[in-house]
Amino acid sequence: MSKVKNIETYKSNEPTVVTIGTFDGVHIGHQKIIKRIINTGKIEGLQSVILTFFPHPRMVLQKDSSIKLINTINERHDILDDLGLDYLLIKEFTKEFSRLSAEEFVKNILVEKLNAKKVIIGYDHRFGRNRNADINDLKVFGETFGFEVEEISVQDINDVAVSSTKIRTALNEGEIEKVNAYLGYHFMLTGKVTKGRGLGNKLGFPTANIKIEEDYKLIPKQGSYIVNAMINDKLVYGMMNIGMNPTVNGDKQTIEVHFLDFNEDIYGKTLKIELLHRIRDEEKFESVEALKLQLAKDKNTALAYISNQDAK
């Protein structure tokens, strides 16, 4: 799949089948739509295209810095890439772009840029300035500009009772296995390994501190999780703590991973950490010794979980 950061430099010479949306999470509901796009493209000889927007429109129009996204834009690209899409076009969402009329959007983007011959879209999709156009308007534009509109019905959408909002709620509640079921893959945190305070070494559980650059990325509920990551082409399991480290008087949230049976130098590496299971809430222990005992219990819990997964 090709990733085109700036749609202004892109123009398709081949006819396309298109869908439009932010697709945060690329969850199983999204995947159903995307597979429909890909299959239609193969059957009808069209290039399959997703037009997505970044930043999220709410960040631009409402100055809503509180909204957190399930995926970073790079994670979203990688997930879509695995699905076999032909093109992912990322349109920078700006106030100027939001002021395009529905007809300007259709003519300038769908027709002239994307060469759309078919648009597959949800029954409730709205677009154009102030989101004042709907799927019926799109069908009229299709007759004018020569493309077909295929509607994803309310029944098709409701058959997959998943939404990005439900997933965000589950992440905030630490329900990681529910999240993974909604996504159809493991929720991930992608960040660079940086130097920390070295407290893990003193506890006998050395940790990799994960720094996530994108402040819009949703971080799950604080606590301990079982995770894995591909490191140097090897799958490595670990225990991750998200929290404030209250037992040792931490003053800011950190994300730290203790990898099991692993002692390579990974400072400076960017890792994609997949969350598998939540062990417990973060808590303040009476002493460092009490914390060490709990970490040993957590490790046994993690090893039992991993052994069970390997046996499946």
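Remark: Ser224 matches the filter, which requires a residue to be small (Gly, Ala, Ser) and touching an Asp or Glu at 6+ places or on another chain (Cβ under 7 Å). Taking the stretch 123-159 as the range and being surrounded by 13 or more Cβ atoms within 10 Å (Cβ to Cβ) and of a type in the set (A, V, I, L, M) as the test, the residues that pass are Ala133, Ile135, Leu138, Val140, Val149, Ile152, Ile157.
Scanning the stretch 60-91 for residues that are part of a loop (DSSP other than H, G, I, E, B) and either under 10 Å from the mean Cα position of the chain (by Cα) or outside the structural domain of Asn115 (by TED's automatic domain parsing) (or both) turns up Ile70, Asn71, Thr72. Condition check for Phe285 on (1) without any contact (Cβ under 8 Å) to a residue 60 or more places away in the chain; (2) hydrophobic (A, V, I, L, M, F, W, C); (3) surrounded by 16 or more Cβ atoms within 10 Å (Cβ to Cβ): one failure, at (3).
Restricting to the stretch 233-243, give me the number of residues that are surrounded by fewer than 17 Cβ atoms within 10 Å (Cβ to Cβ) and not basic (Lys, Arg).
2
Of the set (1) at pLDDT 85 or above; (2) within 28 Å of Tyr185 (Cα to Cα); (3) not hydroxyl-bearing (Ser, Thr, Tyr), all apply to Asp81 but (1). If only residues of the stretch 184-202 that are buried (at least 18 other Cβ atoms within 10 Å of the Cβ) and part of a helix (DSSP H, G or I) are counted, the one that is nearest to the chain's Cα centre (by Cα) is Gly200. One residue stands out among those in the stretch 245-256 that are more than 24 Å from the chain's Cα centre (by Cα) and in contact (Cβ under 8 Å) with a residue 12 or more places away in the chain: the one that is nearest to Gln309 (Cα to Cα), which is Asn245.
Among the residues of the stretch 217-232, some residue qualifies, meaning at least one is over 15 Å from Glu274 (Cα atoms), more than 21 Å from the chain's Cα centre (by Cα) and surrounded by fewer than 17 Cβ atoms within 10 Å (Cβ to Cβ). Taking the conditions (1) free of Cβ contacts under 8 Å to residues at least 40 places away in the same chain; (2) touching a strand residue (DSSP E or B) at 6+ places or on another chain (Cβ under 9 Å); (3) under 27 Å from Asp215 (Cα atoms); (4) not aromatic (Phe, Trp, Tyr) in turn, Ile20 satisfies each one other than (1). Cβ separations smaller than 7 Å between residues 6+ apart or across chains give the following pairs from the stretch 257-281 residues that are in contact (Cβ under 8 Å) with a residue 40 or more places away in the chain to residues that are of a type in the set (Phe, Trp, Tyr) and surrounded by 16 or more Cβ atoms within 10 Å (Cβ to Cβ): His258/Phe205; Leu260/Tyr237; Leu275/Phe187; Leu275/Tyr225; His277/Tyr225; Arg278/Tyr225; Ile279/Tyr225.
Within the stretch 146-163, take every residue that is at pLDDT 90 or above and not acidic (Asp, Glu) and give me the one that is nearest to His277 (Cα to Cα). Talk me through it step by step, then tell me what you get.
Filtering the stretch 146-163 for residues at pLDDT 90 or above gives 146-151.
From the residues that got through so far, the ones that are not acidic (Asp, Glu) too are 146-147, 149.
Numbers: Gly146: 49, Phe147: 46, Val149: 42 Å.
Going through the qualifying residues, I end up with Val149.
Of the residues contained in the stretch 55-72, one or more are found to be hydroxyl-bearing (Ser, Thr, Tyr) and at pLDDT below 90. Can you tell me which residue is nearest to Phe23 (Cα to Cα) among those in the stretch 209-225 that are part of a strand (DSSP E or B) and out of contact with any Gly (no Cβ under 8 Å at 6 or more places or on another chain)? The extreme case among them is Lys217. Checking Ile90, Ile135 one by one, the residue that is at pLDDT below 90 and either closer than 22 Å to Leu183 by Cα or aliphatic (A, V, I, L, M) (or both) is Ile90 and no other.
Given the residues Ile306, Ile210, Ile279, which is the only one that is within 20 Å of the chain's Cα centre (by Cα), of a type outside the set (S, T, N, Q) and either closer than 23 Å to Glu175 by Cβ or not assigned by TED's automatic domain parsing to the domain that holds Ala181 (or both)? One residue alone meets the criteria, Ile210.
Total residues in the stretch 166-183 satisfying the condition of being surrounded by fewer than 18 Cβ atoms within 10 Å (Cβ to Cβ) and either at pLDDT below 90 or not in a helix (DSSP H, G or I) (or both): the figure is 2. Within the stretch 68-103, the set of residues being among the small types (Gly, Ala, Ser) and either under 18 Å from Glu8 (Cβ atoms) or surrounded by fewer than 16 Cβ atoms within 10 Å (Cβ to Cβ) (or both) comprises Gly84, Ser98, Ser101.
The values are calculated or read from the model by the stated rules, or taken from the named source; none is laboratory data. All of these numbers come straight from a predicted model, not from anything done at the bench. Here Cβ is always computed from backbone atoms with ideal geometry, including for glycine, and neighbour counts include all displayed protein chains.
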